[in-house]
Structure formats: structure tokens, C-alpha cells
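Input: a single structure, listed below in C-alpha cells.
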Amino acid sequence: MNFFKAFHCEISSIVEKLSAAGKLPDGMDPSRLTCEPPRDASHGDVATNAAMVLCKQAKMKPRDLAELLAVEIAKIDHVTSVDVAGPGFINIRLAQEFWHAKLCDVLAAGTDWGNSDIGNGQTVNVEYVSANPTGPMHVGHGRGAVVGDALALLLAKAGYKVTKEYYINDAGAQVDVLARSAYLRYREAFGETIEIPEGLYPGDYLVPVGEKLKETFGDKWLNAEESDYLDEIKAFSINAMMDLIREDLAVLGVTHDVFSSEKELVENGGVDKAIAYLEERGLIYTGVLEPPKGKKPEDWEPRPQLLFKASEFGDDVDRPLKKSDGSGTYFASDIAYHFDKFQRGSDQLIDVMGADHGGYVKRMKAAVKAMSEGKAELDIKLAQMVNLMDNGEPVKMSKRAGTFITLREVINKVTKDVVRFIMLTRKNDAQLDFDFAKVTEQSKDNPVFYVQYAHARCHSVFRKADEEFADLDRTETALAKADLSLLNDESELTLMRLMAEWPRLIEAAAESHEPHRITYYLYDLASEFHSLWNKGTGDVSLRFLHADNLELTKARLALLKAVSLVIASGLLVLGVEPREELR
RNA sequence: GCGCCCAUAGCUCAGCUGGAUAGAGCAUCCGCCUUCUAAGCGGACGGUCGAGGGUUCGAAUCCUUCUGGGCGCGCCA
């Protein structure tokens with residue numbers, strides 16, 4: 001439970017009460033009122049801007065209004081002091097018992113601590129990865145995969161009903177290129193020396209596909225016309241590539257609920273249906289586009305095309321739906337695909353894609369707005385580039401020279417947990433340096449290690465406790481009954497406050513679709529924990545285990561248990577496995 | 001030419017949807033192990049939040065104009 005919300009309610013009702021009593025005007029609008037942790041912890045535990053946002057309506061000076069509200073706020077349970085500060089902030093301080101009670105809540109909830117109901121069962125569709133089935137995943141895909149997967153887990157924790165989806169682009173020209181490339185490998189499997197022309201895929205991951213083709217079809221296609229073999233070889237190769245990609249995803253711990261095929265969508269008439277739907281609403285016409293200014297394509301010539309009125313929905317220009325050969329553009333099938341997702345029941349759609357698709361955002365949002373008549377909301381998260389580094393030096397990659405590093409190679413080198421965590425140490429739209437040396441280092445420079453180490457340290461104490469206090473009941477329910485009032489060191493209280501904020505963080509991260517906030521929170525929590533740990537080196541009384549004081553030991557173990565649970569809870573959202581031991 | 005993203009300490013980055021004296025880590029300097037993991041902790045130093053203007057009780061955050069980077073701009077996806 002996000003306790004800041006509880007305070008928000010309390011204060012709103014205080015405002016109502018004061019209105020009823022004639023001390024404030026009627027009909028005060030508290031919508032801009034917030035309750036937050038103050039920026040500086042020395043200001044208190046909860047701060048509200050109530051007086052500043054309401055002063056105009058109340059026709060009072062902010063500080064006067066603050067004083068009026070403060071008298072009432074002081075009567076709320078567990079409030080020990082209320083101060084008015086700065087331009088009219090009301091700072092609220094809470095009793096230690098409040099934090100001790102929160103600690104019990106954590107122990108009772110376990111890793112479900114932080115679960116929220118703000119999603120209210122709403123359906124969200126998160127589409128991510130959607131890499132073309134033309135080769136193994138690279139690191140950039142990996143980032144999109146992790147961002148999407150963590151976002152989906154986060155939304156689920158916040159009470160949304162989430163569908164995790166992968167869109168297979170198996171209908172365009174790129175898969176034809178794949179088929180031609182695979183065909184060459186097929187000939188190669190018969191001993192022919194081949195040369196891969198410019199424009200085809202040179203990667204040797206297609207060699208086994210060629211051999212499989214030989215096994216499956218024998219020499220059937222060796223002297224055939226392309227029109228005869230293309231479709232079958234294409235289907236075969238796409239399957240092989242999707243198997244490869246699914247394996248990459250599995251190794252990364254990413255799982256999708258639904259795989260949607262563009263080809264099927266086209267063949268089932270989905271695209272025609274979507275176009276017809278837009279046509280009925282007068283949103284489609286045939287017209288000629290202006291050539292793009294500045295960089296003009298060489299072979300540009302004006303041509304009448306089937307266009308969607310994207311400009312009526314916030315896009316800059318109208319967008320083409322048909323290619324000159326009469327087949328649909330990628331945009332056309334993507335409209336149909338989003339239409340399909342909407343009709344399957346999601347009114348919140350999220351796409352995670354590479355930043356190089358940035359130019360696509362406006363038109364897709366326009367299309368969703370048009371198709372759903374404004375009912376569906378589309379958010380597009382762009383995953384920026386990942387720079388592979390080693391010890392500060394960029395890792396040089398070239399597809400031609402065969403020094404291209406795949407996602408799988410990176411995972412094998414550093415483990416999937418490291419990849420997942422590091423991918424979330426930046427906002428999705430900021431570039432990310434992924435340094436092999438740094439991310440595998442066991443030091444505080446490495447955030448993955450730092451957080452895992454905190455978790456492992458908790459468990460190290462548990463192991464020690466099991467040795468020294470063999471008959472102590474270490475279950476959550478038993479520890480919750482300890483005398484928690486013994487936990488009153490400032491570091492201990494800070495830890496409890498941080499853990500109490502976890503539900504609020506989950507809600508904020510979920511609402512803003514920003515899973516990277518989890519990583520930062522975990523880092524802060526780990527840091528506070530390491531700090532407490534080290535206090536024990538100078539001050540023996542702050543160590544966790546005390547042979548001569550069972551009550552204190554139990555209380556400290558309760559705190560440790562809670563810390564390890566909250567870290568585990570956060571790592572779970574990131575899809576990272578909490579480690580109990582690091583050496 | 002147009003559109004989107006970015007600009008915060010010497011470096012790499014946070015900044016909770018407009019709040020109080022802008023925060024971490026690295027680097028530099030000074031401290032802390034007879035200890036449940038020193039693989040760690042504490043302190044010091046470090047800022048005209050790219051520049052100017054605007055909106056209001058209040059701006060790193062919103063609007064606008066510049067400057068400097070990245071991406072994109074019909075028949076690729």
C-alpha cells in the first residue's frame with residue numbers, strides 16, 4: 001500500500017471538513033494536491049503542497065492556510081509533528097511505530113510487497129523485440145527486449161493485465177532477401193562454391209539452414225526457377241530464424257504470450273479490412289505527395305498513391321499505404337496489426353522499438369487515434385543504441401569482417417542477469433555504454449554487483465544466524481513478532497522508510513512506463529544497507545547478531561529479512577535472479 | 001528544408017510528471033578491517049542545470065528563439 005496516497009486522502013478530507021465548517025470556501029479543487037517524500041529527509045517524512053495549490057481558491061496567504069491545515073493534520077494517527085516551511089510546504093513527521101508497522105507489512109507481503117492495484121485490471125499490450133526474422137539478435141535488440149520485458153513485469157506488478165507480444169515481420173522484401181541468401185547456402189551444401197552478392201545476408205548462421213534445406217528437399221531445387229522455390233524456402237528459413245530468435249530470447253529470460261505474423265495478417269485480409277475501415281470514415285484518398293525537402297531521392301517522381309490522412313491526427317504529412325506494385329506498405333500492415341491488437345481488447349498499447357524508427361512514431365500514433373476513435377492510447381518507447389566497450393575502448397564490429405558480436409555471445413560472456421540489469425541502468429531513450437570489463441567487475445563501480453552483494457550479505461547473516469542460533473525461528477511471521485521498537489538507529493529507520501516507499505515507486509514507474517527507475521531505487525536501497533552494515537564495524541552494538549540479546553537479534557533479522565525481500569522483489573521485476581552468495 | 005530525441009560537477013549519469021539549499025558514481029585528496037563478505041563504508045573538493053526571453057507564489061522540469069550533437073524524411077522494416 002502506497003502510504004502517501006493515504007495521506008493524500010486524509011488531507012483532502014480535512015479540506016472538505018474545513019469547507020463544511022465554513023473555514024474555507026465550498027468546492028475546493030484538490031486535484032493538484034500532492035503528498036511526497038520531501039527532497040531533503042531532514043524536512044520530515046511526508047511533505048504536501050496543499051497550502052500552495054489551494055491558497056488562491058481559499059483566498060488566503062499560503063502560509064496562513066498551511067497553519068490552518070497543520071492543526072488538523074497533526075491529529076492524524078502516527079503524526080508526531082507538523083511544520084510549515086519555505087513558501088508554504090507542510091512537513092509531516094511520523095512516529096517510529098509507523099515505520100515498524102511498515103516493516104511488518106513487508107514481512108507479511110514478501111516479494112509481493114509493492115504490488116499495486118492502480119492498473120485496476122486494465123488490459124495493456126506490450127509489443128517488444130519484433131526483430132526481423134533474418135538473423136540472430138544483436139545487442140540493440142537485446143535492449144529493446146529487456147526494456148519491454150521489464151516494463152511488462154512492472155505493469156503486471158502494478159495491477160495491469162498484460163499481454164506480451166512479438167510481431168513477426170515475415171511479409172516484406174527483407175524475408176525475400178533472406179530466402180535468396182538461404183538458397184545460396186543450399187547450393188553451397190551441395191559443394192558449390194558460392195559468392196554472396198551485395199544486398200544479401202552474408203552471415204554464416206545461414207550455413208546450417210542451407211544444410212537443413214538439403215536434408216529436407218534433396219536436390220529438388222538445384223536447377224529450379226526462383227519463382228518455384230522462393231515461397232517454400234522462405235517459409236523454411238523464417239522458421240529457422242524464428243527458432244534462433246526464440247532461443248536467444250529464452251537465454252535472456254524473455255517470454256512472450258503472443259507471436260503475431262504479418263504474413264498471416266495480410267493473407268487473412270486484415271490489411272484490407274483496416275483500410276476499408278478507414279475508408280468508411282473518409283480518411284483515405286488517392287493523392288500525390290510532395291517530395292521531401294533537402295535530401296531528395298535520386299529516382300523521385302510524382303506518383304498518385306493511396307494515402308491515409310495522418311495529418312488530421314497530428315502527423316506532418318499524409319502517409320502512403322500502397323507500394324507502386326500494388327502491395328501494401330509496412331505502415332499499412334502495421335495499421336492493421338494495431339487495429340487487431342485494439343480489437344482483441346487492449347486500449348493501452350505500448351510498442352518498444354529501436355530509436356532508428358523514431359520517424360515512425362507520429363504516423364503510428366495518428367493511425368491508432370484514427371482507428372480507435374480516440375479510445376486507445378499508444379505509447380512508443382524508443383530503445384537507444386548500445387555501445388559495446390571493453391575497458392573504455394569501443395569494441396569494433398563489422399558484419400563483413402565477421403567480428404559482429406551477437407546478443408548470445410554477450411550473454412554467454414557476462415550472464416543474462418548482468419545483461420538485463422545493465423540494460424536498465426539508463427533511460428530507454430539515452431545511449432548506453434555496455435563495458436565488458438566494468439559489468440563483470442566485482443566492485444561497487446558495478447551496479448549489478450553492488451545490489452546483488454547487498455542481497456547476498458543479508459543471506460550471509462542468515463547463514464551465520466542458523467549456526468549460532470540454531471533453534472531460532474527465522475520465518476517472516478515469527479520475525480514480525482519481534483520487538484521492532486529496538487530498531488531505532490537512524491540508518492535502520494532510513495532503511496524502513498525506503499522500503500515503505502517501494503509501493504509508491506512501483507506506481508510511479510508503471511504510470512510513466514519507466515522500468516529503469518527500479519534499478520536506481522535498488523541501488524539506493526543497497527547503498528543504505530551497506531552503510532548500516534559498516535556502522536557495525538565501528539559500533540559493535542549495531543551488528544545484527546547478538547549472542548547475549550535474542551530480542552535484538554530477532555528485530556535485526558526482521559529488518560534484514562525485509563531488505564532482502566524488497567531487493568528480491570525489485571530484481572524480480574527486472575527479471576534478474578537474486579543471488580544468496582557471490583563467491 | 002522539416003520533424004523527433006538529447007544537452008545537468010573534469011567524466012558517466014539520476015532528478016519522483018512544476019516544489020524548498022540541484023543529487024549519486026568515477027576521478028582527485030583524507031580517513032575506517034582482532035568484524036556476520038573491506039567485493040564495503042565515512043568525509044573533503046567539485047555547478048551561471050548549453051544561451052537568451054516568457055508563463056507563476058515557484059522552472060533543470062512547461063512555451064518560445066538561438067547554439068551544438070544524434071536519428072529520421074514515398075515504393076525498407
Residue match in the range A:521-541 (condition: over 26 Å from A:Arg93 (Cβ atoms) and part of a loop (DSSP other than H, G, I, E, B)): no
Residue in the range A:537-583 that is nearest to the chain's Cα centre (by Cα), counting only those that are over 16 Å from A:Thr494 (Cα atoms) and of a type in the set (Gly, Ala, Ser): A:Gly575
Any chance A:Ser130 is surrounded by fewer than 18 Cβ atoms within 10 Å (Cβ to Cβ) and of a type in the set (Ser, Thr, Tyr): no
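Looking at the range A:174-194 only, could you name the residues that are polar (S, T, N, Q) and either without any contact (Cβ under 8 Å) to a residue 24 or more places away in the chain or farther than 21 Å from A:Asn132 by Cα (or both)?
A:Thr193 - this is the single residue of the range A:174-194 that is polar (S, T, N, Q) and either without any contact (Cβ under 8 Å) to a residue 24 or more places away in the chain or farther than 21 Å from A:Asn132 by Cα (or both).
Could you list all residues from the range A:91-118 that are within 14 Å of A:Asn2 (Cα to Cα) and not aromatic (Phe, Trp, Tyr)?
Here is the first cut: in the range A:91-118, the ones within 14 Å of A:Asn2 (Cα to Cα) are A:98-99, A:101-103, A:105-106, A:109, A:112-118.
Within the range A:91-118, A:Ala101, A:Lys102, A:Leu103, A:Asp105, A:Val106, A:Ala109, A:Asp112, A:Gly114, A:Asn115, A:Ser116, A:Asp117, A:Ile118 meet the criteria.
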Yes/no for A:Ala58 being in contact with a Leu (Cβ under 8 Å, 6 or more places away or on another chain), hydrophobic (A, V, I, L, M, F, W, C) and away from RNA strand B (no atom under 12 Å from the Cβ): yes
Sole exception among (1) away from RNA strand B (no atom under 12 Å from the Cβ); (2) open to solvent by 20 Å² or more (accessible area, probe 1.4 Å) for A:Lys535, by number: (1)
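The rows are residues; the columns are (1) touching a strand residue (DSSP E or B) at 6+ places or on another chain (Cβ under 7 Å); (2) under 22 Å from A:Val53 (Cα atoms); (3) modelled with pLDDT under 95; (4) not acidic (Asp, Glu).
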residue: A:Arg63; (1), (2), (3), (4): yes, yes, yes, yes
residue: A:Ala74; (1), (2), (3), (4): yes, yes, no, yes
residue: A:Ala85; (1), (2), (3), (4): yes, yes, yes, yes
residue: A:Gly88; (1), (2), (3), (4): no, yes, yes, yes
residue: A:Ala101; (1), (2), (3), (4): no, no, no, yes
Qualifying residues in the range A:163-192 (those that are of a type in the set (A, V, I, L, M, F, W, C), within 16 Å of RNA strand B (Cβ to nearest atom) and outside any helix (DSSP H, G or I)) - the one modelled with the lowest pLDDT: A:Ala171
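Somewhere in the range A:122-130, is a residue more than 11 Å from RNA strand B (Cβ to nearest atom), closer than 17 Å to A:Phe7 by Cα and among the aromatic types (Phe, Trp, Tyr)? It would help to see each step written out before you state the result.
Taking the range A:122-130 and keeping what is more than 11 Å from RNA strand B (Cβ to nearest atom), we get A:122-129.
If we keep only those that are closer than 17 Å to A:Phe7 by Cα too, we end up with none.
No - not one qualifying residue is present in the range A:122-130.
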The range A:483-514: number of residues that are more than 10 Å from RNA strand B (Cβ to nearest atom) and without any contact (Cβ under 8 Å) to a residue 24 or more places away in the chain: 1
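Looking at A:Pro30, A:Pro38, A:Pro87, A:Pro25, which one is within 24 Å of A:Val566 (Cβ to Cβ) and either outside the structural domain of A:Gly110 (by TED's automatic domain parsing) or part of a helix (DSSP H, G or I) (or both)?
None of the others qualify; the one that does is A:Pro38.
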Checking A:Arg583 against (1) surrounded by fewer than 18 Cβ atoms within 10 Å (Cβ to Cβ); (2) among the basic types (Lys, Arg); (3) part of a helix (DSSP H, G or I), the condition it does not meet: (3)
Conditions (1) modelled with pLDDT of 95 or more; (2) surrounded by fewer than 19 Cβ atoms within 10 Å (Cβ to Cβ); (3) more than 9 Å from RNA strand B (Cβ to nearest atom): number failed by A:Phe462: (3)
Count - residues of the range A:41-69 that are assigned to a helix (DSSP H, G or I) and among the hydroxyl-bearing types (Ser, Thr, Tyr): 1
Residue identified as within 25 Å of the chain's Cα centre (by Cα) and hydroxyl-bearing (Ser, Thr, Tyr) among A:Thr475, A:Thr440: A:Thr440
Qualifying position, being assigned to a loop (DSSP other than H, G, I, E, B) and over 30 Å from A:Gly121 (Cβ atoms), among A:Leu545, A:Leu495, A:Leu552: A:Leu545
Subset tally (residues that are near RNA strand B (Cβ under 6 Å from one of its atoms) and of a type in the set (Phe, Trp, Tyr)) for the range A:515-532: 1
Every pair of residues 6+ apart whose Cβ atoms lie under 8 Å, when the first sits in the range A:522-540 and is modelled with pLDDT of 95 or more while the second is in a helix (DSSP H, G or I) and open to solvent by 70 Å² or more (accessible area, probe 1.4 Å): A:Ala526/A:Tyr453; A:His530/A:Tyr453
Test set (1) farther than 30 Å from A:Leu486 by Cβ; (2) assigned to a helix (DSSP H, G or I); (3) open to solvent by less than 10 Å² (accessible area, probe 1.4 Å) - A:Val124 fails condition number: (2)
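Can you confirm whether A:Pro62 is touching a helix residue (DSSP H, G or I) at 6+ places or on another chain (Cβ under 7 Å), touching a residue at least 60 places away in the same chain (Cβ under 8 Å) and of a type outside the set (Ser, Thr, Tyr)? Before you say what the answer is, go through the steps one by one.
Numbers: touching a helix residue (DSSP H, G or I) at 6+ places or on another chain (Cβ under 7 Å): yes; touching a residue at least 60 places away in the same chain (Cβ under 8 Å): no; of a type outside the set (Ser, Thr, Tyr): yes.
The answer is no for A:Pro62.
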A:Glu72, sole failed condition from (1) within 14 Å of RNA strand B (Cβ to nearest atom); (2) in contact (Cβ under 8 Å) with a residue 24 or more places away in the chain; (3) open to solvent by 20 Å² or more (accessible area, probe 1.4 Å); (4) not in a strand (DSSP E or B): (1)
Scope the range A:465-492; condition assigned to a loop (DSSP other than H, G, I, E, B), open to solvent by less than 40 Å² (accessible area, probe 1.4 Å) and not aliphatic (A, V, I, L, M); matching residues: A:Phe469, A:Asp489
The range A:96-124 residues that are more than 11 Å from A:Ala562 (Cβ to Cβ) and charged (D, E, K, R), paired with ones that are open to solvent by less than 20 Å² (accessible area, probe 1.4 Å) and part of a helix (DSSP H, G or I) (beta carbon under 9 Å, 6 or more apart): A:Glu97/A:Leu484; A:Asp112/A:Ser569
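With the requirement that a residue be acidic (Asp, Glu) and open to solvent by 30 Å² or more (accessible area, probe 1.4 Å), what does the range A:325-381 give you?
A:Asp325, A:Asp340, A:Asp347, A:Asp356, A:Glu373, A:Glu377, A:Asp379
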Filter result (without any contact (Cβ under 8 Å) to a residue 24 or more places away in the chain, over 21 Å from A:Ser116 (Cα atoms), open to solvent by 30 Å² or more (accessible area, probe 1.4 Å) and aliphatic (A, V, I, L, M)) within the range A:1-59: A:Ala20, A:Ala21
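The values are calculated or read from the model by the stated rules, or taken from the named source; none is laboratory data. Not measured: the values here are computed from a predicted model. Cβ: placed from backbone, ideal geometry, glycine included. Neighbour counts: every protein chain shown. Surface areas here come from the heavy atoms of the whole protein model, side chains and all, with no ligands, DNA or RNA. Shrake-Rupley method; radii C 1.70, N 1.55, O 1.52, S 1.80 Å.
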